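Report on one structure; see the data block that follows.
The values are calculated or read from the model by the stated rules, or taken from the named source; none is laboratory data. From a predicted model like this one, the values you see are computed outputs, not experimental measurements. Cβ coordinates were reconstructed from backbone atoms using ideal geometry, including for glycine residues, and neighbour counts include every protein chain displayed. SASA here: full protein model, heavy atoms, side chains in, ligands and nucleic acids out. Shrake-Rupley method; radii C 1.70, N 1.55, O 1.52, S 1.80 Å.
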Amino acid sequence: MSENTGAVTGASILLDEVTKQYPGQIKPAVGGLTLEIPAGSIVMFVGPSGCGKTTTLKMINRLIEPTGGKIVINGEDVTKMDGDTLRRRIGYVIQAGGLFPHMTVAANIAIVPKMLGWNKAKIAARVDELLELVSLDPAIYRDRYPKELSGGQQQRVGVARALAADPPVLLMDEPFGAVDPITRQRLQDELLNIQSEVQKTIVMVTHDFDEAVKLGDWIAVFDEGAQLVQYDSPERILANPANEFVENFIGSGAGLKQLTLTKVHEVELMDAVTAQPGELASDVLSRIQGAGASHAVILDSRSRPVRRLNRRQLSRLQLIDDTIDESMPVVGDRATLNDALDTMLVASSESAVVTGRRDVFRGVINVKTIMEAIAQANAMAEAAAGDAPVGLNSGAIPALAVANAVAAEASQSRDNLEQPVSAEEPR
Ligand SMILES: Nc1ncnc2c1ncn2[C@@H]1O[C@H](COP(=O)(O)OP(=O)(O)OP(=O)(O)O)[C@@H](O)[C@H]1O
Ligand SMILES: [Mg+2]
């Protein structure tokens, strides 16, 4: 889930009894869906293939025209607004970035600012700013073509492009589906980092329930016809799935999934002895002996960890050189404890180095910390099962009644965030 540290720049979105009936189809792909997406939040759409997630998402920027109902963004009915104008205000990210292969990274990112008539200097500055934001060095990447990037890098450029004109809303359709698990984890962490700065309203489709729990402030679980089965916070969905369908969707090991709810920065990290290239190994060795530590973490000039050295390795060295160890277990502080555990297992290490913004060293996390957090998370899950979510998913509740129920619930709701409204017409 995102941390609310920055100012909210996102817009609220209301789908008001929205329907999409494709020509020649018997049932509507989306049937009378009412869904409130609060400003500055991340809402995750999950559900089986073909249930209408993409259709719902694309109706928000009218890449698909609804056949019924209204779309309201920040109080403004955009259902009849010019589609191109609307889409310039909404960032859109698709799988594998969807970059134009014949355009450089910079040109790809600049598409919307160009259409908006920004001058060259402003565009160039914005491109560099965004590349920094998604952790790609502008000097290295701005003039590359998409095929000269890895999948994860392409995806980052896709996110940068969607953010280019600073839109209040970001729509993402399985943006991290095509990358390997480790890269996906980094991209997710990065998105949460970015979100803590920009506070957009983000609607994301995913097939991965863990991803939904990790990123979502709210999760909408859909069944066929975009029938809303449950719309609630990740905690409450895990603790109290609405029915067997949701239970099956969550999958086995819901208890362990609580691990996905806790972020690395939420647990107490351990300090570590740090050192820089150029130092005498014997000095560092005496420091870790003094601290009773097993390793020293070597940091570069920008405080980014590059390598870990244990006592034995240090005793064989003269000077600390600037070797980089690619296999050192590193995890971002936005990662989940689950991610951290994975990282340690892959590296066969009992601990991992933790980094924060711009990959700066934050501390060390170990298996023991994680085990303690599992115990705590399970205890909290027991407690959370007590406060039942509002029954917003039953089809017959009219939107107004739902809104009233939400107003009543708001005071109880976590983080003072109002629970989003959701309802579906009976079919
Ligand atoms: N252009 C179209 N014409 C007719 N039917 C369509 C069209 N696009 C989608 N559909 C149908 O509408 C339903 C919802 O499709 P949609 O793409 O929204 O599903 P989804 O939930 O995104 O699925 P997935 O998880 O596989 O991406 C499906 O039954 C699909 O076959
Ligand atoms: Mg889809």
(message) Please go through region 38-58 and give me each residue that is within 20 Å of ILE94 (Cα to Cα) and more than 15 Å from ligand 2 (Cβ to nearest atom), ordered by number.
(response) SER41, ILE42, VAL43
(message) If I go through region 300-314 residue by residue, how many of them are in contact with a helix residue (DSSP H, G or I) (Cβ under 6 Å, 6 or more places away or on another chain) and open to solvent by 70 Å² or more (accessible area, probe 1.4 Å)?
(response) 1
(request) From the list VAL354, VAL331, pick out the single residue that is farther than 26 Å from LEU280 by Cα and either surrounded by 14 or more Cβ atoms within 10 Å (Cβ to Cβ) or within 24 Å of the chain's Cα centre (by Cα) (or both). (result) VAL331
(message) Residues that are hydroxyl-bearing (Ser, Thr, Tyr) and within 21 Å of ASN193 (Cα to Cα): list the strands (runs of 3 or more DSSP E) wholly contained in region 270-364 that include at least 1 such residues.
(response) 351-355
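Here's the yes/no breakdown for (1) over 30 Å from ILE64 (Cβ atoms); (2) in contact with a Pro (Cβ under 8 Å, 6 or more places away or on another chain); (3) assigned to a helix (DSSP H, G or I); (4) modelled with pLDDT of 90 or more:
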{"site": "GLY91", "(1), (2), (3), (4)": "no, yes, no, no"}
{"site": "ALA107", "(1), (2), (3), (4)": "no, no, yes, yes"}
{"site": "TRP118", "(1), (2), (3), (4)": "no, no, no, yes"}
{"site": "LEU131", "(1), (2), (3), (4)": "yes, yes, yes, yes"}
(request) For residues that are within 21 Å of VAL346 (Cβ to Cβ) and of a type outside the set (S, T, N, Q), tally how many sit in region 144-176. (result) 3
(request) Test VAL30 against the criterion of being within 22 Å of the chain's Cα centre (by Cα) and within 16 Å of ligand 2 (Cβ to nearest atom), and give yes or no. (result) no
(request) Can you tell me which residue among GLY225, GLY251 is under 28 Å from VAL30 (Cα atoms) and within 16 Å of ligand 2 (Cβ to nearest atom)? (result) GLY225
(message) I'm trying to understand the selection: among the residues of region 88-100, which are out of contact with any Gly (no Cβ under 8 Å at 6 or more places or on another chain) and either hydroxyl-bearing (Ser, Thr, Tyr) or open to solvent by less than 70 Å² (accessible area, probe 1.4 Å) (or both)?
(response) ILE90, GLY91, TYR92
(message) Suppose we filter region 162-178 for residues that are on the phi > 0 side of the Ramachandran plot and buried (at least 19 other Cβ atoms within 10 Å of the Cβ); how many remain?
(response) 1
(message) Quick test of your reading of the structure: HIS265 fulfils all but one of (1) within 16 Å of the chain's Cα centre (by Cα); (2) in a loop (DSSP other than H, G, I, E, B); (3) more than 16 Å from ligand 1 (Cβ to nearest atom). Name the failing condition by number.
(response) (2)
(message) On the basis of being farther than 30 Å from LEU33 by Cα, open to solvent by less than 50 Å² (accessible area, probe 1.4 Å) and in contact with an Asp or Glu (Cβ under 6 Å, 6 or more places away or on another chain), does VAL297 make the cut?
(response) no
(message) All but one of (1) within 16 Å of ligand 1 (Cβ to nearest atom); (2) under 17 Å from PRO168 (Cα atoms) hold for GLY40; state the number of the condition that does not hold.
(response) (1)
(request) Residue by residue through region 246-291, note down the ones that are at pLDDT below 85 and open to solvent by 50 Å² or more (accessible area, probe 1.4 Å). (result) GLU247, ASN248, PHE249, SER252, LEU256
(request) Using the structure shown, decide if LYS27 is within 12 Å of ligand 1 (Cβ to nearest atom) and either farther than 26 Å from GLU224 by Cα or not aliphatic (A, V, I, L, M) (or both). (result) yes
(request) From the list ASN366, ASN338, pick out the single residue that is within 22 Å of LEU191 (Cα to Cα) and open to solvent by 20 Å² or more (accessible area, probe 1.4 Å). (result) ASN338
(message) Condition first: within 14 Å of ligand 2 (Cβ to nearest atom) and either over 19 Å from MET44 (Cβ atoms) or without any contact (Cβ under 8 Å) to a residue 24 or more places away in the chain (or both). Now tell me which residues in region 59-77 satisfy that.
(response) LEU63, ILE64
